[in-house]
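These notes concern the structure reproduced below.
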Amino acid sequence: MTRVLVAGESWVSQSTHYKGFDAFTTTTYHTGIDPLRDVLVADGIEVDHLPAHDVPALFPGTPEALAAYDVIVLSDIGANSILLHPATWLASEKTVNRIDLLADWVEQGGGLAMAGGYLSFQGFEAKAAFAGTAVERVLPARISRYDDRVETPQGVPGLLADDAHPIVAGLPAQWPDLLGYNRFALPEDATLLATVGGDPLLAVRQAGAGRTLAWASDIAPHWCPDEFVSWDGYRTLFTRAVRWLAKEI
């Protein structure tokens, strides 16, 4: 069975409520993994979810731990969370550079995808900070050094760019609207599969013995609204993407 690790796609929100002289705070926990996990599991793919708050301590830190997976998906999780193990952050101990380790794993045959979001690619206020890292070296994306978000609240459709590739073969020429994405350029050896707003939406690349994929928008709301998630092509697109990364198609 194909095994996938999705890192990220969770967040904690704290709100302060003011009622006259008095105030109190509430804290809530949220995840955005369900739409992607549901379609992958329904297709017979095993999915492990590593929430964002667990990434610093638990993201794979050895070749053997990475080898347990066929595909790793980074979704709305910044480079610092992967780089800064608690042993380094709290105790000033040396730890492995897991960004470098991940890129090496890809070049030795692994499958890596990055999905868009406020903490993907370079992200909101450039805080995702993947530009110039080893992950950028293997992705089909040349990442901006600046805030790379493109907000499209009016909705902009995805447009098919390569109807021959097995990930997108048979999908319609125009896809449902998206509400935003991360803008990146393509390295020369990347293959563009779809665009949004004149920019890359979906691209793939061979990186050494491995394969990589960049999806510029979210995998779930808010940038990827219910209209897109409920589209039949959503399941086709992402299950094929994982199977292509795992070299099954």
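The values are calculated or read from the model by the stated rules, or taken from the named source; none is laboratory data. Since the structure is predicted, the reported quantities are computational estimates derived from the model, not experimental observations. Cβ atoms come from the backbone with ideal geometry, glycine included; neighbour counts cover every protein chain shown. For the accessible areas, the whole protein counts, side chains as well, though only heavy atoms, and no ligand, DNA or RNA atoms are used. Shrake-Rupley method; radii C 1.70, N 1.55, O 1.52, S 1.80 Å.
Here are the numbers for the structure shown:
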item: Among (1) under 21 Å from Pro140 (Cα atoms); (2) touching a Phe, Trp or Tyr at 6+ places or on another chain (Cβ under 7 Å), the one test that Leu186 misses; result: (2)
item: Which numbered condition Thr31 fails, given (1) in contact (Cβ under 8 Å) with a residue 24 or more places away in the chain; (2) in contact with a strand residue (DSSP E or B) (Cβ under 6 Å, 6 or more places away or on another chain); result: (1)
item: Total residues in the stretch 173-200, condition of a type outside the set (A, V, I, L, M, F, W, C), in a loop (DSSP other than H, G, I, E, B) and surrounded by 14 or more Cβ atoms within 10 Å (Cβ to Cβ); result: 3
item: In the stretch 201-216, residue surrounded by the fewest Cβ atoms within 10 Å (Cβ to Cβ) [restricted to those that are within 16 Å of the chain's Cα centre (by Cα) and not small (Gly, Ala, Ser)]; result: Arg205
item: Failed item, numbered, when Pro221 is tested on (1) under 20 Å from Gly123 (Cβ atoms); (2) open to solvent by less than 10 Å² (accessible area, probe 1.4 Å); result: (2)
item: Where a residue in the stretch 126-146 is touching a residue at least 24 places away in the same chain (Cβ under 8 Å) and its partner, wherever it lies, is open to solvent by 40 Å² or more (accessible area, probe 1.4 Å), with Cβ under 6 Å and at least six apart; result: Ala128/Leu119; Ala134/Asp100; Arg142/Ala185
